[in-house]
There are 2 protein chains.
Amino acid sequence: MAATIKDVARMANLSIATVSKYINGGHVIDANRVAIEEAIRQLDYRVNTMARGLKTRRTKSIGVLIPSVRMIFCMDMISAIEDELSREDFSTLICDCQGRPEQEERKMAFLLEKQVDGVIMMPSSSSSVAARMALAAGIPLILVDRPLPDIAADSVLVDNMTLAKAATTELLRAGHQRIGVICGPEDIYTTKQRLSGYYEAYEADNTQVASDCISFSDYSLEGGYKSLEKLMSLTEPPTAVLATNYETTIGAIMAINRAGLRIPGDLSFVGFDGLDMSTLIKPELTMALQPVQQIGEQAAKLLLGRLTANNKSDSGKSSIYGSDADMIPKREIMLAGKLTQGSSIAKMKI
Amino acid sequence: MAATIKDVARMANLSIATVSKYINGGHVIDANRVAIEEAIRQLDYRVNTMARGLKTRRTKSIGVLIPSVRMIFCMDMISAIEDELSREDFSTLICDCQGRPEQEERKMAFLLEKQVDGVIMMPSSSSSVAARMALAAGIPLILVDRPLPDIAADSVLVDNMTLAKAATTELLRAGHQRIGVICGPEDIYTTKQRLSGYYEAYEADNTQVASDCISFSDYSLEGGYKSLEKLMSLTEPPTAVLATNYETTIGAIMAINRAGLRIPGDLSFVGFDGLDMSTLIKPELTMALQPVQQIGEQAAKLLLGRLTANNKSDSGKSSIYGSDADMIPKREIMLAGKLTQGSSIAKMKI
DNA sequence: ATAATAGCGCGAAACGTTTAGCTCTGTCAA
DNA sequence: TTGACAGAGCTAAACGTTTCGCGCTATTAT
């Protein structure tokens with residue numbers, strides 16, 4: 001039904017090889033170029049990706065494996081990845097493992113089955129099984145947001161510690177001593193990092209941490225809401241709160257409002273992620289912003305880099321155990337976040 | 001590098017054809033089955049999807065084209081679609097056109113280039129160019145959430161009118177006359193339908209619509225926030241408000257809280273989508289719920305149906321202009337929403 | 001005028017499957 | 001005992017590309 005390169009060649013009175021050459025950016029004389037273009041147009045010819053893939057051993061597709069499709073952070077990141085990759089004509093297979101490691105393995109198997117050329121993965125737990133699978137399949141793997149111990153792969157991270165430290169310091173400077181912090185799940189990398197930042201700020205300020213003000217959640221809107229309620233129901237509630245992702249920020253604000261508390265009058269507040277929100281809500285929130293866009297972009301670029309490296313090595317002689325790409329040392333990109341200046345922090349009277 | 005079916009055949013001392021037969025569910029005698037399984041395991045063999053696709057003329061992938069990846073509704077739907085399709089070993093290519101029709105066309109071209117077996121599309125506008133492209137390529141197309149005039153394709157819709165009417169009626173029954181409604185963009189199908197429902201409820205109640213209480217937005221959190229502010233700053237503000245999607249619901253609640261209004265004391269409220277939220281927030285919100293999960297599920301099933309129909313017809317003689325699948329009349333699935341019983345509506349004193 | 005060279009185009013062999021149609025083996029009914 | 005038949009496996013031809021290496025033509029240098 002659909003036209004093949006053979007049809008194009010026939011219509012243009014040329015050989016298949018010549019048409020193929022043209023399609024892949026090769027040079028043909030003008031008259032032929034015109035003939036080919038015309039034939040392609042008339043036949044509505046499209047390259048058969050499978051035939052091509054069979055020859056080139058590439059699917060021109062990459063897999064993205066994330067914990068959940070319901071976190072704004074993930075979606076924004078994916079959006080950036082997709083943008084970058086589609087520019088190079090790569091398609092993106094998105095897999096959501098719902099935070100469960102066994103699903104993560106299943107989905108990774110699925111991606112490998114689909115023969116993606118590479119994988120960008122945001123680990124759901126500290127399990128490295130899925131990551132190992134990709135490595136074993138010999139395709140490039142990029143880790144984002146969270147590294148994995150003992151997995152040698154490129155990674156794109158945010159300097160969460162510094163960011164959380166900056167946010168906490170800001171609150172300490174305003175005179176707050178009991179600062180509530182709404183964290184994610186206790187065993188997750190970003191939670192640990194952000195919490196370290198929180199501790200470090202206290203240490204640098206020579207203040208003692210109010211450890212009852214640390215609340216773990218599941219990074220969800222509901223989690224943020226509940227955490228805030230819990231914090232405010234302490235016998236000695238915090239005078240300031242730091243939420244550590246978008247969903248908990250929204251949830252916390254809802255709870256704050258519901259409780260009739262005013263920001264910053266009754267409670268100082270620093271949120272996380274979601275620039276758009278901070279500019280709109282009154283008073284403008286002081287927020288810790290992750291460079292989400294950049295994370296996705298960098299991850300995609302890193303991956304594309306690996307893929308072309310693979311490409312090149314294929315035409316040369318390649319070692320038995322993997323391509324030259326393996327020779328390129330693993331890179332770890334650490335991106336800096338930043339703190340916006342809102343008016344959601346009030347000075348404590350001393 | 002990677003093992004092929006040939007390697008498996010060699011190791012199992014069988015022909016390629018036999019191995020292929022086994023892989024595709026055919027029957028082989030027990031001893032051979034064991035040998036094949038062992039060889040596959042040892043070689044870590046995986047079917048080469050491209051070689052297979054080249055023969056079968058299927059990619060086992062489908063495209064999903066949506067207006068924006070940042071709307072919870074879309075993501076939840078995609079999640080359901082993906083779930084359903086991956087069960088059948090289909091992969092899902094997600095394309096976000098950022099609400100722009102020209103992007104929609106570009107992305108559709110991309111999907112066709114990638115030779116997806118079918119497309120599920122939530123139209124971004126009333127333009128049917130992209131839809132036509134899919135149809136012209138001869139692949140099944142399923143429209144979700146919004147139909148397209150003069151496009152004969154299966155569709156999965158929600159009975160928005162009835163749902164919005166029910167929500168409005170609930171408010172009218174409580175004695176409210178000036179009901180603010182936060183709509184989406186004016187020219188979008190769901191906006192029109194939900195607004196019709198709003199009008200119909202008024203009509204059925206023999207009450208005159210307060211047309212200054214109708215506010216259009218872009219369905220975003222910010223939009224909801226602003227719309228609510230606008231409504232409440234009217235000389236005669238509404239006594240109740242209906243938001244018509246998840247994002248505007250969240251935004252509106254934020255604005256309500258910010259303004260120091262109490263629900264339902266100062267303002268009655270009905271939200272839209274996002275079950276999880278309604279159960280948590282106090283007071284529990286009365287909400288209009290779309291069966292998002294079901295939409296995705298139905299769309300996927302409809303598509304799978306078309307694909308297998310195509311399959312079958314291929315082995316028989318098929319007409320020149322498309323397959324027998326074209327003979328199956330286009331189906332329109334209309335799903336019902338439902339209203340939760342919260343306590344965010346207060347009776348007006350008469 | 002001739003040799004060297006560069007630029008294009010071509011033939012043909014792969015890539016790893018699926019599948020139609022054949023052969024072979026063994027079983028069972030007559 | 002033989003013929004029919006079923007079950008299992010095999011051979012070989014496709015599917016639509018890319019790409020290597022060769023041959024042809026025309027241009028330039030000698």
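Of note:
- For the range A:20-30, residues that are aliphatic (A, V, I, L, M) and more than 7 Å from DNA strand C (Cβ to nearest atom) total 1.
- Close pairs (6 angstrom Cβ cut-off, 6 or more residues apart or separate chains): under 20 Å from B:I188 (Cα atoms) and not assigned by TED's automatic domain parsing to the domain that holds B:S68 in the range B:206-218, hydrophobic (A, V, I, L, M, F, W, C) and assigned to a helix (DSSP H, G or I) anywhere: B:S215/B:L231
- Members of the range B:109-154 that are within 14 Å of another protein chain (Cβ to nearest Cβ) and over 16 Å from B:T92 (Cβ atoms): B:A109, B:E113, B:R132, B:M133, B:L135, B:A136, B:A137, B:G138
- The single residue among A:E236, A:E247, A:E229 that is of a type outside the set (A, V, I, L, M) and under 21 Å from A:T340 (Cα atoms) turns out to be A:E247.
- Any hit, the range B:114-124, residues being within 16 Å of DNA strand D (Cβ to nearest atom), at negative phi and over 20 Å from the mean Cα position of the chain (by Cα): yes
- A:V64 meets all of the listed conditions (1) modelled with pLDDT of 95 or more; (2) within 16 Å of DNA strand D (Cβ to nearest atom) but one, namely (2).
- Candidates A:A136, A:A131 - the one that is surrounded by fewer than 17 Cβ atoms within 10 Å (Cβ to Cβ) and free of Cβ contacts under 8 Å to residues at least 24 places away in the same chain: A:A136
- Any hit, the range B:38-51, residues being away from DNA strand C (no atom under 12 Å from the Cβ) and open to solvent by 80 Å² or more (accessible area, probe 1.4 Å): yes
- Qualifying residues in the range B:5-19 (those that are under 30 Å from B:L307 (Cα atoms) and surrounded by 16 or more Cβ atoms within 10 Å (Cβ to Cβ)) - the one nearest to DNA strand C (Cβ to nearest atom): B:I5
- Checking the range A:196-218 against the condition returns a match, with at least one residue being part of a loop (DSSP other than H, G, I, E, B) and within 14 Å of another protein chain (Cβ to nearest Cβ).
- The single condition among (1) more than 27 Å from the chain's Cα centre (by Cα); (2) open to solvent by less than 50 Å² (accessible area, probe 1.4 Å) that B:A109 does not meet is (1).
- Selection within the range A:8-49 - within 10 Å of DNA strand D (Cβ to nearest atom), away from chain B (no Cβ under 14 Å) and within 43 Å of the chain's Cα centre (by Cα): A:V8, A:I16, A:A17, A:T18, A:V19, A:S20, A:K21, A:Y22, A:N24, A:G25, A:G26
- Residue list for the range A:64-73, restricted to those being in contact with a strand residue (DSSP E or B) (Cβ under 7 Å, 6 or more places away or on another chain) and either surrounded by fewer than 23 Cβ atoms within 10 Å (Cβ to Cβ) or facing chain B (nearest Cβ under 9 Å) (or both): A:S68, A:V69
- Here A:D145 fulfils each of the conditions (1) among the charged types (D, E, K, R); (2) under 26 Å from A:D266 (Cβ atoms); (3) crowded, with 19+ Cβ neighbours inside 10 Å apart from (2).
- Complete set of residues in the range B:241-263 that are away from every other protein chain (no Cβ under 13 Å) and part of a loop (DSSP other than H, G, I, E, B): B:T244, B:N245
- In this entry, B:D7 is excluded by the filter for residues that are in contact (Cβ under 8 Å) with a residue 60 or more places away in the chain and of a type in the set (D, E).
- When restricted to residues that are open to solvent by less than 10 Å² (accessible area, probe 1.4 Å) and either within 9 Å of another protein chain (Cβ to nearest Cβ) or of a type in the set (V, I, T) (or both), the range A:76-92 contains 4.
- Cβ-Cβ distances below 7 Å connect the following pairs, each with a first residue in the range B:269-280 that is away from chain A (no Cβ under 11 Å), a second residue that is at pLDDT below 65, and a separation of six or more residues or different chains: B:G271/B:S278.
- Unmet requirement for B:S196, which otherwise passes all of (1) open to solvent by 20 Å² or more (accessible area, probe 1.4 Å); (2) in contact (Cβ under 8 Å) with a residue 60 or more places away in the chain: (2)
- Screening A:T56 on (1) within 11 Å of chain B (Cβ to nearest Cβ); (2) more than 8 Å from DNA strand D (Cβ to nearest atom); (3) at pLDDT below 95 shows it passes everything except condition (2).
The values are calculated or read from the model by the stated rules, or taken from the named source; none is laboratory data. Please read all numbers here as calculations on a predicted model, not as lab measurements. Methodologically, a virtual Cβ is constructed for each residue, glycine included, from the backbone with ideal geometry; neighbour enumeration extends over all protein chains shown. Each accessible area value is taken on the protein alone, full model and side chains, heavy atoms only, with ligands, DNA and RNA left out. Shrake-Rupley method; radii C 1.70, N 1.55, O 1.52, S 1.80 Å.
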